[in-house]
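The values are calculated or read from the model by the stated rules, or taken from the named source; none is laboratory data. Source: prediction; values computed, not measured. Methodologically, a virtual Cβ is constructed for each residue, glycine included, from the backbone with ideal geometry; neighbour enumeration extends over all protein chains shown.
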Amino acid sequence: MKQRLVVIGNGMAPGRALDRLFEQAPDAFDVTIFNAEPRVNYDRIMLSPVLSGEKSFDQIVIHGDGWYVKHGVMLYKGCKITKIDRAARTVTGANGIGAAYDRLIVATGSVPIILPVPGHDLAGVLTYRDLDDVEAMLLAARSRGNAVVIGGGLLGLEAAAGLREQGMNVTIVHLMPTLMERQLDPAAGYLLRKAIEARGIPVLTKASTKAILGTRKVEAVELADGTVLPADLVVMAVGIRPNAALAKDAGLVVNKGIVVDDTMRTSDPDIFGLGECAEANGACYGLVAPLYDMANVVAAQLLGDEKARFRPAATATKLKVTGIDLFSAGDFEDGKDREEIVLRDAARAVYKRIVLKDDRIVGVVLYGDTADGAWFFDLLKKQADVSEMRERLIFGPAYAGGGPLDPMAAVAALPDDAEICGCNGISKGKIVAAIAKQGLTSLDAVRTHTKASASCGTCTGLVEQLLKGALGDAYKAVTVQAMCPCTELGHDEVRRLIVARKLKSIPAVLHELEWKSSCGCAKCRPALNYYLMATWPGDYEDDSQSRYINERVHANIQKDGTYSVVPRMWGGVTNSTELRAIADVVDKFKIPTVKVTGGQRIDMLGVKKEDLPAVWADLSAVGMVSGHAYGKALRTVKTCVGTEWCRFGVQDSTRLGIRIEKFMWGSWTPAKVKMAVSGCPRNCAEATCKDVGVICVDSGYEIHFAGASGLEIKGTEILTRVKTEDEALEMIVALVQSYREQGRYLERIHKWAKRVGVETIRRQIVDDSERRETLFDRFVFAQSFSQNDPWAERAAGHDAHEFRPLADLTLVAGE
Amino acid sequence: MTLPDWVDVGGFDEIPARGARVVATPSGDVAIFRTADGGIFALRDRCPHKGGPLSQGIVHGESVTCPLHNWVISLETGQAQGADSGCAGKIPVRLEGKRILLSTAAISVTAAA
């Protein structure tokens, strides 16, 4: 014959115990349940969403009627047991119904505490415990009147928010100085209070209830300080106490709750205590997680697993009020042996606090952003040593994940919607999906299919990690990044081989270095053209078909296919003749926009391509030359007015700037080069964020380089200090020539410096005077082939095919 | 007056190898490309991406890279290559000796893209 199991109470804890029991031994027991509430087992935690109207009762049912039928459980709804006869092993209810048991589970839960103040028994004073309470509150809320919630803990706040949602004017009265003081520290409590008040719910703290006023039904709440709050409804949510009266009457040992050992047995070994009514290790529990743990132990013990033991673990709390994100777990009292990590973002109302003891998390409070709650709680429960990731711990698993040496884990921990490529707005999810769906195996393939890392390239490392994460060891990061898909060779090898094998034309490079494509591509050809030009000045014939359109036509293409024209203004200095010529050109060619650039010159935008040679001819007529604003070349040398006008200037910065520009203009470089000369350390020419900059000082010139103020922002490095203009020029020229010889195509000076090393560059340019002089000489030699004004040449008819259509058939059709 | 089927738009040598020239037509600009090995192709001078002038791009193999955002377009089909998709209209073109002939039907006003 089957054993008879009787359960008094039909809450979540016994429900879970029975689930476990039926999973493992569906036929071991005949089960009878007595439920004082006239209904099935439902999720009490979800009562607040029912109160606020977000859920219906049906949606929070855990075991529907079918479940009881399926498992052959006899459920008495609305039947309160009044007596346990341990000798006879029976239980009896008020209406005479009863049952005999072999094993008994007492799961009578808890009862809400009612403050014994005058008027506590008036109609309209409710507690917040079960569905009946919720239904009574919903009924009262129809009046749209005033409600006072006594108690600012979890339940009180949820009740208040729900009633407010139902249209009542709600006030919270709380005895303690801050809300939810058992789960929150004062800072989080303060934020919570602000959020609650922002919903139109006034909060009175340190407020003690003196009396509930009214004749037949509640009318007001009077506080100890004399305040009287009008109220049509009072909800007392000041706490619970274990419901142990029945067990006590039966002679079981009862303290605060029904005393159980760690097998969940009461003082009678055939009777288990379970849930909020039970007291284990001197503590009672009200949160669901430990109660479920208790339930698992009861089920295991019933099935004969005598080793099953209840071990109280840390618990986590979440407030179920829509729009307020709050998470708390563990213990967060201050203490001498404790340390804390706090993050506050007042603007976003985010507060995070982690309490550590011996490098382990003992408490977590999250307010405003609780996404990482589960992760912190997991670390807390595992008692994981967090010393390795301590610095980034507070930022959550996305940043702290695998410790400082494992960027893989950090990337792996990023959510799918985390943006990887800022330029093209590509998220992690998109990249991972593309890798999986299209079977991508290389960085290049990811770039082609997603555009991620295809623009500025700062996210390349992240993308490679995603590839590695997806492909594991199958992904071999190419140690040397190939120039382009046409070759496996990197930029440096190609340069080296051009010199070593004396390759002097693009076809020679493609052939000798076994290019995989017939004539290269739009990535490698411009690079090769530059390398050949920089390596063999005078010998190599520039291949204009391997230049980007801007460099081919010596103007900047705009989005509508027109061009912009920027003439040189040496050191940013101009005069009336030049300005007049510009004005005339603007009028003559109806140039729509004239704009002053950041590099101290004038940009004419919207010039038709066929007009370019004529525009240049007019500018050349007054001596103006190309500003190379379109090229991987020396752009501007920005200056301030220096000693010539400025009362602070210590050197003639304008003169030095002009001298540098006139010496170096026309030279091609791996990427654009912008310079500046400031006449004193006040640095009005902003020289310390340029590719090359000079700060004039009393004693001479401070040479700077490797600054950036574009996609990246970076202050310059100091190359050296020199006494004279001549020395300054020599240093700068040698530096730029070194960059021309070592820089990879499209690699700005600061990136080159980072790759080669600032110290190395200093050694090569500053310390090694012989090398400096050779570099200088090589630059001067190269300049003898490149300081021809490309504009004047084209105004005179060079490359005329670039600027006019092959044929114009529009007139033919008009005939 | 009826237009001839093909119209002479210029000489082969007027286009640089791995280069392009533009022919202005009633239905908009047409880019004529000459590849490294002497092939001649014609496409509408508008990248399917943002309308960039393909005639200004770098010609490599039988493709051109748009000067605005580096889309690679097949000269043979006008289709965007790789992961991009879109098509720059292809215009019939042929060589007769050293002369480049363009289809008149394809460039008349009614043929506007």
Query - Selection status of A:Glu741, out of contact with any Gly (no Cβ under 6 Å at 6 or more places or on another chain), closer than 30 Å to A:Val553 by Cα, surrounded by 15 or more Cβ atoms within 10 Å (Cβ to Cβ) and within 14 Å of another protein chain (Cβ to nearest Cβ) - result: no
**Report entry** Checklist (1) aliphatic (A, V, I, L, M); (2) on the phi < 0 side of the Ramachandran plot; (3) modelled with pLDDT under 90 applied to A:Met180, failing item
**Finding:** (2)
**Report entry** Residues satisfying the stated conditions in region A:135-153, i.e. surrounded by fewer than 20 Cβ atoms within 10 Å (Cβ to Cβ) and part of a helix (DSSP H, G or I)
**Finding:** A:Glu135, A:Ala136, A:Leu138, A:Leu139
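Can you say whether A:Ser626 is without any contact (Cβ under 8 Å) to a residue 40 or more places away in the chain, touching a helix residue (DSSP H, G or I) at 6+ places or on another chain (Cβ under 6 Å), crowded, with 21+ Cβ neighbours inside 10 Å and of a type in the set (S, T, N, Q), as far as the supplied structure shows?
On the way: without any contact (Cβ under 8 Å) to a residue 40 or more places away in the chain: no; touching a helix residue (DSSP H, G or I) at 6+ places or on another chain (Cβ under 6 Å): yes; crowded, with 21+ Cβ neighbours inside 10 Å: yes; of a type in the set (S, T, N, Q): yes.
For A:Ser626, the condition - without any contact (Cβ under 8 Å) to a residue 40 or more places away in the chain, touching a helix residue (DSSP H, G or I) at 6+ places or on another chain (Cβ under 6 Å), crowded, with 21+ Cβ neighbours inside 10 Å and of a type in the set (S, T, N, Q) - is not met.
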Report summary line: Considering residues that are more than 10 Å from chain B (Cβ to nearest Cβ), out of contact with any Leu (no Cβ under 7 Å at 6 or more places or on another chain) and either over 28 Å from A:Ser505 (Cβ atoms) or not β-branched (Val, Ile, Thr) (or both), the number found within region A:530-556 is 14
Query raised in the report: Which condition number in (1) within 14 Å of chain B (Cβ to nearest Cβ); (2) loosely packed, with under 13 Cβ neighbours inside 10 Å is the one that A:Phe781 fails?
Result: (1)
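Could you pull out the residue among A:Asp603, A:Asp618 that is free of Cβ contacts under 8 Å to residues at least 60 places away in the same chain, acidic (Asp, Glu) and within 28 Å of A:Leu806 (Cα to Cα)?
Details: A:Asp603 fails: within 28 Å of A:Leu806 (Cα to Cα).
None of the other options fit; the residue is A:Asp618.
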**Report entry** Residues satisfying the stated conditions in region A:16-71, i.e. out of contact with any helix residue (DSSP H, G or I) (no Cβ under 7 Å at 6 or more places or on another chain), over 30 Å from A:Ile324 (Cα atoms) and in a helix (DSSP H, G or I)
**Finding:** A:Leu18, A:Asp19, A:Phe22, A:Glu23, A:Gln24, A:Asp65, A:Gly66, A:Trp67, A:Tyr68, A:Val69, A:Lys70
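Name the residues in region A:718-754 that are hydroxyl-bearing (Ser, Thr, Tyr), in contact with a helix residue (DSSP H, G or I) (Cβ under 9 Å, 6 or more places away or on another chain) and without any contact (Cβ under 8 Å) to a residue 60 or more places away in the chain, would you? Before the answer, list the steps.
Within region A:718-754, the subset hydroxyl-bearing (Ser, Thr, Tyr) is A:720, A:724, A:738-739, A:745.
When the remaining residues are screened for being in contact with a helix residue (DSSP H, G or I) (Cβ under 9 Å, 6 or more places away or on another chain), the result is A:720, A:738-739, A:745.
Those that are hydroxyl-bearing (Ser, Thr, Tyr), in contact with a helix residue (DSSP H, G or I) (Cβ under 9 Å, 6 or more places away or on another chain) and without any contact (Cβ under 8 Å) to a residue 60 or more places away in the chain: A:Thr720, A:Ser738.
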Report task. Select from region A:262-289 the residues that are touching a residue at least 12 places away in the same chain (Cβ under 8 Å) and more than 24 Å from A:Gly153 (Cβ to Cβ) and list them in ascending order. Result -> A:Asp262, A:Thr263, A:Met264, A:Arg265, A:Thr266, A:Ser267, A:Asp268, A:Asp270, A:Ile271, A:Phe272, A:Gly273
Query raised in the report: Restricting attention to region A:325-355, which residues are free of Cβ contacts under 8 Å to residues at least 40 places away in the same chain and outside any strand (DSSP E or B)?
Result: A:Asp331, A:Glu333, A:Asp334, A:Gly335, A:Lys336, A:Asp337, A:Ala346, A:Ala347, A:Arg348
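Given the residues A:Lys516, A:Lys559, which is the only one that is within 14 Å of another protein chain (Cβ to nearest Cβ) and within 39 Å of the chain's Cα centre (by Cα)? It would help to see each step written out before you state the result.
Numbers: A:Lys516 fails: within 39 Å of the chain's Cα centre (by Cα).
Matching residue, one of A:Lys516, A:Lys559: A:Lys559.
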Requested in this report: Exactly one condition in (1) at pLDDT below 80; (2) under 30 Å from A:Ser517 (Cβ atoms) is not met by A:Ala413; state its number.
Outcome: (2)
Report summary line: With criteria (1) within 14 Å of chain B (Cβ to nearest Cβ); (2) farther than 30 Å from B:Ala24 by Cα; (3) surrounded by fewer than 16 Cβ atoms within 10 Å (Cβ to Cβ), A:Thr774 comes up short on (1)
Query raised in the report: With respect to A:Phe648, is the statement that it is aromatic (Phe, Trp, Tyr) and under 39 Å from the mean Cα position of the chain (by Cα) true?
Result: no
Query raised in the report: Do you know which residues across region A:259-284 are within 15 Å of A:Gly109 (Cβ to Cβ), small (Gly, Ala, Ser) and part of a loop (DSSP other than H, G, I, E, B)?
Result: A:Gly275
Query raised in the report: Are any residues in region A:792-815 more than 49 Å from the chain's Cα centre (by Cα) and either over 22 Å from A:Lys609 (Cβ atoms) or part of a helix (DSSP H, G or I) (or both), and if so, which ones?
Result: A:Ala792, A:Glu793, A:Arg794, A:Ala795, A:Ala800, A:His801, A:Thr810, A:Leu811, A:Val812, A:Ala813, A:Gly814, A:Glu815
Query - Close pairs (9 angstrom Cβ cut-off, 6 or more residues apart or separate chains): on the phi > 0 side of the Ramachandran plot and facing chain A (nearest Cβ under 7 Å) in region B:10-37, outside any loop (DSSP other than H, G, I, E, B) and of a type in the set (A, V, I, L, M) anywhere - result: B:Gly10/A:Ala807; B:Gly10/B:Val23; B:Gly10/B:Ile32; B:Gly10/B:Ile100; B:Arg18/B:Ile58; B:Arg18/B:Val59
Query raised in the report: Quick one: which of A:Gly335, A:Gly330, A:Gly257, A:Gly275 is buried (at least 16 other Cβ atoms within 10 Å of the Cβ), more than 23 Å from A:Val7 (Cα to Cα) and not assigned by TED's automatic domain parsing to the domain that holds A:Arg129?
Result: A:Gly330
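Of a type outside the set (Gly, Ala, Ser), at pLDDT 95 or above and either in the same structural domain as A:Ala527 (by TED's automatic domain parsing) or in a strand (DSSP E or B) (or both): is that true of A:Arg740 in this structure? Before the answer, list the steps.
Values: of a type outside the set (Gly, Ala, Ser): yes; at pLDDT 95 or above: yes; either in the same structural domain as A:Ala527 (by TED's automatic domain parsing) or in a strand (DSSP E or B) (or both): no.
Answer is no for this residue.
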Report summary line: Filter region A:517-564 for residues that are among the small types (Gly, Ala, Ser), surrounded by fewer than 19 Cβ atoms within 10 Å (Cβ to Cβ) and more than 29 Å from A:Ile602 (Cα to Cα); the one that is modelled with the highest pLDDT is A:Gly538
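For region B:55-71, name all the residues that are over 22 Å from A:Gly631 (Cβ atoms) and either buried (at least 23 other Cβ atoms within 10 Å of the Cβ) or more than 7 Å from chain A (Cβ to nearest Cβ) (or both). Full working, then the answer.
Keep residues of region B:55-71 that are over 22 Å from A:Gly631 (Cβ atoms), which gives B:61-63, B:71.
Within region B:55-71, B:Glu62, B:Ser63, B:Trp71 meet the criteria.
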